[in-house]
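First comes the structure, then the notes that go with it.
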Amino acid sequence: MTNQEQIPIGRKITQKELTQKIKDLEKELKVLERLKFINYRYQGKSVDEAVALIGVTKRVGYIWQERWNKEGIEGLKPRYKGGKQSKISSEQLEELKKYLIKNNITNTKEIKQIIEDEYQVNFSEKHVRTLIHKMNLK
């Protein structure tokens, strides 16, 4: 017996917009954590005490403090851009997905070879499995 939802979820924004909003807020939470560290320092706590309260290493605390001293709040914002750029574009990945579905190909080694032949990119089998998962094929 399945429980039917009493109140269905309303769709106010797209899934993509929601995912982006979550990422943006996660970045803001990181800044908040760093500002709490700075606040502890303003209160006279040592770096050792402040990092213990926040739950980061002493080295990280000194990095945050140095960035704060040089750039203020801007220095506390995360600096990563989401990792290394993929060797295969999202368009190529979509093209590959269509080909794999059309030809019912699911073997990791075979997919790895297709990627090498078609896109001249050599991925490890582990990364090919990650791509398979990303394409929702398994």
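The values are calculated or read from the model by the stated rules, or taken from the named source; none is laboratory data. Remember, predicted model here, so these are calculated numbers, not experimental data. Counting neighbours? That spans all protein chains shown, and the Cβs are built from the backbone with ideal geometry, glycine included. We work out accessible area using only protein heavy atoms, side chains counted, and drop any ligands, DNA or RNA first. Shrake-Rupley method; radii C 1.70, N 1.55, O 1.52, S 1.80 Å.
Miscellaneous remarks
- Modelled spin labels at E5 and L137, positioned 7 Å past Cα toward Cβ, are 3.1 nm from each other.
- Helix 108-119 and the longest principal axis of the Cα set of the chain meet at an angle near 90°.
- Placing dummy labels 7 Å off each Cα toward the beta-carbon, the span from E17 to V56 is 3.2 nm.
- The dipole here belongs to region 3-80: it is taken about the Cα centre, uses +1 on the Cβ of Lys and Arg and -1 on the Cβ of Asp and Glu, and is about 180 debye.
- J(HN,Hα) series, region 13-28, from Karplus relation 6.51 cos²θ - 1.76 cosθ + 1.60, nearest Hz, glycine and proline x: 9, 6, 4, 5, 5, 5, 4, 5, 4, 4, 4, 4, 5, 4, 5, 5
- For the chain, the residue among N122, Q6, F37 whose Cα projects farthest onto the positive side of the dipole built from Cβ charges is F37.
- Taken about its Cα centre, region 36-138 carries a charge dipole of about 340 debye when Lys and Arg each add +1 at the Cβ and Asp and Glu each add -1 at the Cβ.
- Ordered from highest to lowest accessible area with the whole protein assembly present and a 1.4 Å probe, R79, R11 read as R11, R79.
- Measuring against 26 Å, Cα to Cα, the residue pairs K45/K77; K23/K112; K12/K102; K21/K102 contain K23/K112; K12/K102; K21/K102 as the ones spanning a longer distance.
- All C-alpha to C-alpha distances of the chain, sorted into 5 Å bins beginning at zero, yield P(r) values of 2, 8, 13, 12, 9, 8, 10, 12, 11, 9, 5, 2, 0, 0 percent in whole numbers.
- Cα convex hull of region 1-76 - mean projected area over all directions, nm²: 8.7 nm²
- Ranked from largest to smallest solvent-accessible area, with a 1.4 Å probe on the protein heavy atoms, Y40, Y99 come out as Y99, Y40.
- List L76, L35, L18, L29, ordered by accessible area with a 1.4 Å probe, largest first: L29, L18, L35, L76
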